[in-house]
Amino acid sequence: MARHSKLEVLNAMHGIGVVPVFYNGDIEKAQNIARSCVAGGIRVLEFTNRGDHAWEVFSSLDRFCAAELPDAILGAGSVLDAGTASIYISNGASFIVGPVTNPDVAKVCNRRKVPYIPGCGTASEISNAEELGADIVKIFPGSAVGGPGFVKDVLAPMPWSSIMPTGGVDITEESLRPWFEAGVCAVGMGSRLVSNDVVANGDWSTLESRSRDVVALIGSIRGE
């Protein structure tokens, strides 16, 4: 069962503005990634359903967060079907993210009051996802779909939409400023934030400081 309410999750995503996207089959490394991001001010974390027995690692990570990082909001990404969504929700996922939109996943999430952030690539897909109850939609891959210009064009006739791009988002101001000035509510960020070299070297202080810098940069761009 999710430890955080739907409203808390959505407000945290909007407020912080960045969601780290990562997978690691080594539970100790996954714990250190979570700890470093939270220490840097990013408490919403997306663990992706990528490797063998990924849900088991997720379950252990959720228990760790519950005990050691109670403010952390842990969700599952790369979820394509209702069965997988149910597994992760039963193991504590506070939100579900998918690269595509699946009405059956939406039903499972709505029934359990868990936010569903589905992948979309057109204005019609965004509208359809919102009809299914999605409060935030993910455009994926963000750079290939059309970048910040796509977001700006969609929000002109649909200003109520909350859009989170993932894919092609970097930690620099040159990358982040156009997205937020176009009107995104948050960005998903994978290897540009949780980079392979940092994880391989166990350089957790770098990940913490990088997380803190990204949060500060987003706040500055927003004028906070």
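Here's the yes/no breakdown for (1) touching an Asp or Glu at 6+ places or on another chain (Cβ under 6 Å); (2) open to solvent by less than 70 Å² (accessible area, probe 1.4 Å); (3) closer than 21 Å to Asn11 by Cα:
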site	(1), (2), (3)
His53	no, no, no
Ser59	no, yes, no
Phe64	no, yes, no
Gly75	yes, yes, yes
Asn102	no, yes, no
Ile117	no, yes, yes
Glu130	no, yes, yes
Pro148	no, yes, no
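State the number of residues belonging to segment 189-205 that are open to solvent by 40 Å² or more (accessible area, probe 1.4 Å) and either farther than 20 Å from Val38 by Cα or without any contact (Cβ under 8 Å) to a residue 24 or more places away in the chain (or both).
7
State whether the residues of segment 37-45 include one that is open to solvent by 20 Å² or more (accessible area, probe 1.4 Å), among the charged types (D, E, K, R), modelled with pLDDT of 95 or more and under 15 Å from the mean Cα position of the chain (by Cα).
Scanning segment 37-45, I find at least one residue that is open to solvent by 20 Å² or more (accessible area, probe 1.4 Å), among the charged types (D, E, K, R), modelled with pLDDT of 95 or more and under 15 Å from the mean Cα position of the chain (by Cα), so the answer is yes.
Of all residues in segment 169-178, which are assigned to a helix (DSSP H, G or I) and open to solvent by 10 Å² or more (accessible area, probe 1.4 Å)?
Glu173, Glu174, Ser175, Arg177, Pro178
Specify which of the listed residues (Ser124, Ser86) is polar (S, T, N, Q) and either in contact with a strand residue (DSSP E or B) (Cβ under 6 Å, 6 or more places away or on another chain) or crowded, with 18+ Cβ neighbours inside 10 Å (or both).
Ser86
Pick from Ala186, Ala156: which is at pLDDT 95 or above, among the small types (Gly, Ala, Ser) and surrounded by fewer than 19 Cβ atoms within 10 Å (Cβ to Cβ)?
Result: Ala156 is the single residue among Ala186, Ala156 that is at pLDDT 95 or above, among the small types (Gly, Ala, Ser) and surrounded by fewer than 19 Cβ atoms within 10 Å (Cβ to Cβ).
Output the residues belonging to segment 133-164 that are outside any loop (DSSP other than H, G, I, E, B) and of a type in the set (Val, Ile, Thr).
Val137, Ile139, Val145, Val151, Val154, Ile163
Which one of these is of a type in the set (Lys, Arg) and either open to solvent by less than 10 Å² (accessible area, probe 1.4 Å) or touching a residue at least 60 places away in the same chain (Cβ under 8 Å) (or both): Lys107, Lys113?
Lys113 is the lone residue from the list that is of a type in the set (Lys, Arg) and either open to solvent by less than 10 Å² (accessible area, probe 1.4 Å) or touching a residue at least 60 places away in the same chain (Cβ under 8 Å) (or both).
The values are calculated or read from the model by the stated rules, or taken from the named source; none is laboratory data. Keep in mind that this is a model prediction, so the values were computed, not measured. Cβ coordinates were reconstructed from backbone atoms using ideal geometry, including for glycine residues, and neighbour counts include every protein chain displayed. These accessible areas exclude ligands, DNA and RNA; they are computed on the full protein's heavy atoms, side chains included. Shrake-Rupley method; radii C 1.70, N 1.55, O 1.52, S 1.80 Å.
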